[in-house]
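Participant: Please read through the structure below; I'll follow up with questions.
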Amino acid sequence: MTQPERPFDLLNKALQHNVLIRLKGGASIRGKLTAFDIHMNLVIQDAEELDDGTVKAKVGTMLLRGGNILYISPA
Amino acid sequence: MTQPERPFDLLNKALQHNVLIRLKGGASIRGKLTAFDIHMNLVIQDAEELDDGTVKAKVGTMLLRGGNILYISPA
Amino acid sequence: MTQPERPFDLLNKALQHNVLIRLKGGASIRGKLTAFDIHMNLVIQDAEELDDGTVKAKVGTMLLRGGNILYISPA
Amino acid sequence: MTQPERPFDLLNKALQHNVLIRLKGGASIRGKLTAFDIHMNLVIQDAEELDDGTVKAKVGTMLLRGGNILYISPA
Amino acid sequence: MTQPERPFDLLNKALQHNVLIRLKGGASIRGKLTAFDIHMNLVIQDAEELDDGTVKAKVGTMLLRGGNILYISPA
Amino acid sequence: MTQPERPFDLLNKALQHNVLIRLKGGASIRGKLTAFDIHMNLVIQDAEELDDGTVKAKVGTMLLRGGNILYISPA
Amino acid sequence: MTQPERPFDLLNKALQHNVLIRLKGGASIRGKLTAFDIHMNLVIQDAEELDDGTVKAKVGTMLLRGGNILYISPA
């Protein structure tokens with residue numbers, strides 16, 4: 001049995017690794033996940049904002065509010 | 001009596017099977033359901049984003065926030 | 001006194017019968033109600049998506065999130 | 001003192017009478033109020049959907065989710 | 001010290017008096033406030049719907065859901 | 001240490017002084033803050049509605065719902 | 001182990017330093033973070049509103065409601 005049993009197990013396994021975060025409005029954030037909480041608020045290091053796959057801005061470290069997230073995918 | 005008695009029974013039965021998820025904005029996600037919680041946050045493996053029935057992106061594994069979902073249908 | 005005393009009594013009486021569900025965005029779902037919970041999450045069997053009264057897609061069984069619903073009407 | 005002291009007293013007095021419900025999007029529902037709960041979920045019998053004052057559809061009985069309501073007015 | 005100490009004191013003082021209610025969408029409601037609760041659900045008597053300052057409809061008595069309100073002002 | 005330690009300390013210090021309130025939709029309210037609660041519902045006296053910096057309407061006293069606010073700034 | 005373990009640790013470390021706040025609508029706020037609470041309500045001093053990277057307005061001190069925030073990034 002290798003599948004996670006609860007959705008937040010995926011975040012635990014993704015800690016210190018790169019993730020792609022798709023936002024509700026269509027834009028994306030890419031970077032290293034270093035912290036999260038039960039609201040899915042995330043800390044992302046070396047974060048890049050993407051629009052249609054191209055880098056729009058390099059942000060450094062950010063605290064991203066969970067309510068804006070559509071999905072999170074380990075890179 | 002073969003019908004589920006509570007909506008989440010449908011998710012339990014769909015675990016490890018393919019599902020189609022229709023999102024509020026009109027797009028869809030297709031893939032294998034491997035985890036869910038009471039907020040309907042889902043883990044989807046081999047996930048594909050669909051727009052009008054055509055595959056737009058292959059995402060691998062994703063944690064999808066329940067608040068974005070219109071409906072979930074076992075494939 | 002034949003009227004239901006609480007709104008959810010209507011859902012209890014509609015179990016195993018066809019219902020029409022009008023969504024917030026204007027589209028509709030039609031099918032057999034087989035389960036519901038206090039959030040008005042519904043399981044619909046033989047579900048059809050309707051747009052302006054014409055069938056747009058046949059979905060089979062779906063778990064529909066209550067937050068998207070405008071109203072539910074027994075067929 | 002004939003005024004209701006709490007807003008829900010108005011719904012109690014309106015039970016079994018016709019009401020006009022104005023929705024957030026601008027459309028309206030007209031019919032007989034037969035049940036309500038603390039979320040302002042309503043059961044309406046002989047319900048009609050109105051758009052700019054003209055009847056768009058006759059729906060029969062409906063369970064209307066309170067979150068969509070702008071106001072309720074006894075007819 | 002004549003100012004109210006809590007926002008709801010303003011509603012208490014406005015009971016049985018005319019108020020102007022500005023809604024989120026830009027429209028307004030004018031009439032006599034006769035009841036309110038902690039969600040700012042209001043009962044308004046002799047209510048008028050206004051658009052850009054002109055009366056669009058006379059509604060009689062209404063139960064207005066608090067979630068739609070931008071502000072309430074004693075007339 | 002002269003900075004407030006919690007955000008609501010700023011409201012306490014602003015009581016009986018003029019504030020500028022920026023709303024989510026882009027409009028603003030200017031006036032004297034005389035009361036607030038934990039939802040950031042505010043009572044504003046001598047309130048003016050502003051659009052792009054010009055006064056659109058003088059409202060007198062208003063109870064402004066906190067959910068509509070983007071930020072509050074002491075004048 | 002230098003990474004924060006919980007997202008709010010990032011806010012604690014950013015206190016008294018400059019931050020860039022990206023809002024849901026696309027605009028940004030830049031200034032010194034001097035207070036925050038569990039809702040991510042923030043007090044920002046020497047705050048500037050930015051649109052596409054150019055300063056649109058200097059606001060002084062503001063209490064910014066957390067619900068409007070997309071992300072917060074230490075400058």
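Participant: Within the range F:41-50, track down each residue that is more than 8 Å from every other protein chain (Cβ to nearest Cβ) and not aliphatic (A, V, I, L, M).
Facilitator: Once the filter is applied, which keeps residues that are more than 8 Å from every other protein chain (Cβ to nearest Cβ) and not aliphatic (A, V, I, L, M), the range F:41-50 yields F:46, F:48, F:49.
Participant: Go through the range A:24-46 and count every residue that is touching a Lys or Arg at 6+ places or on another chain (Cβ under 7 Å) and not in a loop (DSSP other than H, G, I, E, B).
Facilitator: First pass over the range A:24-46, keeping only residues touching a Lys or Arg at 6+ places or on another chain (Cβ under 7 Å): A:28, A:35, A:37, A:40-41, A:44-46.
Those still in the list that are not in a loop (DSSP other than H, G, I, E, B) too: A:28, A:35, A:44-46.
Of the residues in the range A:24-46, 5 are touching a Lys or Arg at 6+ places or on another chain (Cβ under 7 Å) and not in a loop (DSSP other than H, G, I, E, B).
Participant: Given the conditions (1) closer than 22 Å to residue B:69 by Cα; (2) touching a helix residue (DSSP H, G or I) at 6+ places or on another chain (Cβ under 7 Å), and given that residue A:26 satisfies all but one, which numbered condition is not satisfied?
Facilitator: (2)
Participant: Scan (1) within 12 Å of chain F (Cβ to nearest Cβ); (2) out of contact with any strand residue (DSSP E or B) (no Cβ under 7 Å at 6 or more places or on another chain); (3) modelled with pLDDT under 95 for the single condition residue G:53 breaks and write down its number.
Facilitator: (1)
Participant: I need the full set of residues from the range F:24-35 which are open to solvent by 40 Å² or more (accessible area, probe 1.4 Å), touching a strand residue (DSSP E or B) at 6+ places or on another chain (Cβ under 7 Å) and either more than 9 Å from chain G (Cβ to nearest Cβ) or of a type in the set (A, V, I, L, M) (or both), in order please. Break it down into steps so the answer makes sense when it comes.
Facilitator: The initial filter retains those residues of the range F:24-35 that are open to solvent by 40 Å² or more (accessible area, probe 1.4 Å), namely F:24-25, F:30, F:32.
Filter once more, so that each one left must be touching a strand residue (DSSP E or B) at 6+ places or on another chain (Cβ under 7 Å): F:24, F:30, F:32.
The answer is F:30, F:32.
Participant: Which of the residues belonging to the range C:36-50 are of a type in the set (A, V, I, L, M, F, W, C) and either under 10 Å from the mean Cα position of the chain (by Cα) or more than 16 Å from residue D:63 (Cβ to Cβ) (or both)? Give the derivation first.
Facilitator: The first filter runs over the range C:36-50 and keeps only residues of a type in the set (A, V, I, L, M, F, W, C), leaving C:36, C:38, C:40, C:42-44, C:47, C:50.
Within the range C:36-50, C:36, C:40, C:42, C:43, C:44, C:47, C:50 meet the criteria.
Participant: Still on this structure, I have one more. What are the residues in the range B:1-18 that are within 7 Å of another protein chain (Cβ to nearest Cβ) and either assigned to a loop (DSSP other than H, G, I, E, B) or in contact with a helix residue (DSSP H, G or I) (Cβ under 8 Å, 6 or more places away or on another chain) (or both), if any?
Facilitator: B:3, B:4, B:5, B:6
Participant: Right, next: May I ask you to list the residues in the range E:47-60 that are part of a strand (DSSP E or B) and open to solvent by 40 Å² or more (accessible area, probe 1.4 Å)? Spell out the reasoning first.
Facilitator: Filtering the range E:47-60 for residues part of a strand (DSSP E or B) gives E:47-51, E:54-60.
Result: E:51, E:54, E:55, E:56, E:58.
Participant: Filter the range E:61-75 for residues that are open to solvent by less than 20 Å² (accessible area, probe 1.4 Å) and within 12 Å of chain D (Cβ to nearest Cβ); which is nearest to residue D:25 (Cα to Cα)?
Facilitator: First, pick out the residues of the range E:61-75 that are open to solvent by less than 20 Å² (accessible area, probe 1.4 Å): E:62-64, E:66, E:68-69, E:71-73.
Adding the requirement that they be within 12 Å of chain D (Cβ to nearest Cβ) leaves E:62-64, E:66, E:68-69.
Details: E:62: 17, E:63: 17, E:64: 15, E:66: 16, E:68: 11, E:69: 14 Å.
This residue is E:68.
Participant: Determine whether the range A:43-51 contains at least one residue that is free of Cβ contacts under 8 Å to residues at least 40 places away in the same chain, in contact with a helix residue (DSSP H, G or I) (Cβ under 6 Å, 6 or more places away or on another chain) and not polar (S, T, N, Q). Talk me through it step by step, then tell me what you get.
Facilitator: Restricting attention to the range A:43-51, the residues satisfying the condition of being free of Cβ contacts under 8 Å to residues at least 40 places away in the same chain are A:43-51.
Narrowing further to those that are in contact with a helix residue (DSSP H, G or I) (Cβ under 6 Å, 6 or more places away or on another chain): A:43.
Of the ones still in play, those that are also not polar (S, T, N, Q) are A:43.
Yes.
Participant: Please state which one of B:21, B:38 is within 12 Å of chain A (Cβ to nearest Cβ) and surrounded by 21 or more Cβ atoms within 10 Å (Cβ to Cβ).
Facilitator: On the way: B:38 fails: surrounded by 21 or more Cβ atoms within 10 Å (Cβ to Cβ).
Result: B:21 is the single residue among B:21, B:38 that is within 12 Å of chain A (Cβ to nearest Cβ) and surrounded by 21 or more Cβ atoms within 10 Å (Cβ to Cβ).
The values are calculated or read from the model by the stated rules, or taken from the named source; none is laboratory data. Computed from a predicted structure; not experimentally measured. All Cβ positions, glycine included, derive from the backbone under ideal geometry; neighbour counts span all protein chains shown. Only protein heavy atoms, including side chains, enter the accessible area calculation; ligands, DNA and RNA are left aside. Shrake-Rupley method; radii C 1.70, N 1.55, O 1.52, S 1.80 Å.
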